[in-house]
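Before any comments, here is the structure.
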Amino acid sequence: MLSLIDFLHLLPLLSAAVVAVHNPIKLVFVLAGQSNMSGRGGVSDSRWDHVVPPECRQSPSILRFSAALKWQMAREPLHDDIDFKKTCGVGPGMPFAHSIVAASAAAVPLGLVPCAVGGTRIREWARGTSLYKNLVRRARVAAASAGGRVAAMLWYQGESDTVTEKDAEAYGHRLVTLISHLRADLRDPDLLVIQVALASGEGNYTEIVRDAQKRIRLHHVLCVDAKSLPLEADNLHLTTRAQVELGKMLAIAYLNHTRCNSHFLFDL
């Protein structure tokens with residue numbers, strides 16, 4: 001017989017199973033990039049403070065795709081079993097999801113597919129790399145299990161590409177190539193990509209990367225600027241409050257775009 005504690009631990013999984021069976025996931029979002037996407041909000045000296053704002057609370061309408069390729073109730077830290085070599089905290093994924101759900105006319109279950117890994121340069125996401133293969137595999141399986149396609153990829157990466165001028169100068173071309181390859185391999189030439197212009201960088205060439213991000217002119221590629229958002233004491237990672245604001249900014253960008261482009265409407 002299950003103890004009360006064991007039963008309480010099972011509740012989130014049971015809730016997720018009920019949602020998946022009785023109210024299939026309609027929206028699938030891939031979260032990719034490096035540490036500010038996986039989330040370092042509330043992390044200091046490799047310890048997370050476990051502070052979860054209301055905008056990041058669990059909800060039966062928000063699921064996450066685990067490292068084991070299973071849908072489960074989403075909770076912070078979203079990337080705990082993906083970016084497992086580092087301490088994860090609050091990221092933009094949950095506040096983004098809550099904003100999408102809140103804007104929906106009816107309950108629209110959505111799924112988040114965490115793929116971000118801290119400290120990675122964009123060339124480590126190139127086609128053929130382990131990160132790229134994992135992203136494509138997770139996106140495909142998640143979309144297939146949800147009976148649809150990926151609604152958008154949220155991309156926040158580039159801090160590690162600010163260390164050398166060579167990497168910074170190559171960033172724009174590498175990002176365009178990455179998006180082109182993802183669209184081909186996910187068989188969606190119109191895949192919506194919402195990228196984040198850097199709030200910080202590891203090196204002295206942050207503005208070069210930011211400029212490249214803001215100058216991308218591909219169809220269905222949006223850019224949200226994080227520069228004004230507050231940082232943790234390390235001057236690199238967004239604070240918990242900043243991540244909440246970023247999630248809302250990403251949601252506004254997505255909602256504005258989908259309302260203007262019928263191709264992206266998913267019964268919102």
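The values are calculated or read from the model by the stated rules, or taken from the named source; none is laboratory data. Worth saying up front: this structure is predicted, and the values here are computed from it rather than measured. Because the Cβ atoms are built from the backbone with ideal geometry, glycine has one as well, and the counts that use them run over all protein chains shown. What goes into the accessible areas is simple: the full protein's heavy atoms, side chains included, and nothing from ligands, DNA or RNA. Shrake-Rupley method; radii C 1.70, N 1.55, O 1.52, S 1.80 Å.
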Point to revise | Length-normalised contact order of segment 27-263 in % [C-alpha pairs under 8 Å, at least 6 apart] | key: 25 percent
Check your understanding: Between ALA144 and SER228, what length comes free when the chain is fully extended (0.36 nm per residue of separation minus the Cα-Cα distance, one decimal in nm)?
Key -> 26.5 nm
**Study point:** Lys, Arg +1 and Asp, Glu -1 on Cβ, resulting dipole of segment 27-263 about Cα centre, debye, nearest 20
**Key:** 820 debye
Study note, to complete from the structure: Taking only the alpha-carbon positions of the chain as identical scatterers, the Debye log10 I(q)/I(0) at q = 0.11 Å⁻¹ comes out as -0.56
Exercise for review: Quickly estimate the mean residue ellipticity at 222 nm for the chain, helices only: each DSSP H run with n ≥ 4 gives -39500 (n - 2.57), and the total goes over all residues, rounded to 500.
Suggested key: -12500 deg cm²/dmol
Revision key, fill the gap. In degrees rounded to 10, the 0-90 angle between helix 240-260 Cα long axis and the longest Cα principal axis of the chain is 90 degrees
Review point. Where does each of TRP155, TRP71 land when they are ordered by accessible area, with a 1.4 Å probe and the largest first?
Key: TRP71, TRP155
Check your understanding: Under a 1.4 angstrom probe, counting protein chains only, how are CYS223, CYS88 ranked by accessible area, largest first?
Key -> CYS223, CYS88
Study note, to complete from the structure: Heavy-atom accessible area with a 1.4 angstrom probe orders LYS85, LYS227, LYS70, most exposed first, as LYS85, LYS70, LYS227
Review point. Taking Cα pairs under 8 Å and at least six residues apart, what relative contact order does segment 219-265 come out at, in percent?
Key: 28 percent
Check your understanding: Taking the Cα centre of segment 27-263 as the origin and placing charges on Cβ (Lys, Arg +1; Asp, Glu -1), which of GLN243, GLN72, ALA143 is farthest toward the positive end of the dipole?
Key -> ALA143
Review point. Helix 130-146 versus the longest principal axis of the chain: what angle, 0 to 90°, nearest 10, using Cα atoms?
Key: 40 degrees
Point to revise | Whole-number percent relative contact order across segment 130-212, with pairs defined as alpha carbons under 8 Å at least 6 apart | key: 42 percent
Review point. Mean shadow of segment 114-208, computed from the convex hull of its alpha carbons, in nm²?
Key: 5.9 nm²
Review point. Helix 4-22 versus the longest principal axis of the chain: what is the Cα-based angle in degrees, 0 to 90, to the nearest 10?
Key: 80 degrees
Point to revise | Theoretical gain in end-to-end length, VAL51 to GLU124 [0.36 nm per residue, Cα-Cα removed] | key: 23.1 nm
Practice item. Please tell me which of these pairs span more than 31 angstrom C-alpha to C-alpha: LYS85/LYS248; LYS166/LYS248; LYS86/LYS227; LYS166/LYS227? Key: LYS166/LYS248
